[in-house]
Amino acid sequence: MAMTSIGTVVFHYWNSGVFLADQETLDTGSLLLCEFYNNGGLRASARVWPMFTEDLYNFIVGLGKPVSSLIKHNGWINANALTVFW
């Protein structure tokens, strides 16, 4: 995340995801995996179990897979907490 000289926040995670921990993470134990557009809008999000973070990291960083495609096309990511915006 960065800020321009006029104060606009820009998310520069072009095809990368972010793992976030929120109150629901503390309650349930599942992390929030998000992918953002450059303007900060949410492209995709899903709840994932921590045991899958290493595999997801390898797909995202090592193989360059977009988070939104991993969320949409993989059944082992918690589909009950699935949100994909196109």
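Whether any residue in the range 13-36 is small (Gly, Ala, Ser), touching a Phe, Trp or Tyr at 6+ places or on another chain (Cβ under 7 Å) and at pLDDT below 85 is what I want to check. No, the conditions are met nowhere in the range 13-36. If the condition is being under 18 Å from Ala21 (Cβ atoms) and of a type outside the set (Lys, Arg), then the range 45-63 contributes Ser45, Ala46, Val48, Trp49, Pro50, Met51, Phe52, Thr53, Glu54, Leu56, Tyr57, Ile60.
Candidates in the range 67-76 are the residues that are modelled with pLDDT of 65 or more and in contact with a helix residue (DSSP H, G or I) (Cβ under 8 Å, 6 or more places away or on another chain); of these, the one that is surrounded by the fewest Cβ atoms within 10 Å (Cβ to Cβ) is Leu70. Can you name every residue in the range 1-12 that is surrounded by 10 or more Cβ atoms within 10 Å (Cβ to Cβ) and either among the aliphatic types (A, V, I, L, M) or at pLDDT 75 or above (or both)? The answer is Met1, Val9, Val10.
Taking the criterion of being charged (D, E, K, R) and over 22 Å from Thr8 (Cβ atoms), the only residue of the range 32-49 that qualifies is Arg47.
Restricting attention to the range 26-41, which residues are out of contact with any Asp or Glu (no Cβ under 8 Å at 6 or more places or on another chain) and not in a helix (DSSP H, G or I)? Across the range 26-41, the qualifying residues are Gly29, Leu31, Leu33, Cys34, Glu35, Phe36, Tyr37, Asn38, Asn39, Gly40, Gly41.
The values are calculated or read from the model by the stated rules, or taken from the named source; none is laboratory data. The shown structure was predicted, so the numbers you read here are calculated from the model rather than taken from an experiment. As a convention, Cβ positions derive from the backbone with ideal geometry for all residues, glycine included, and neighbour counts pool all protein chains shown.
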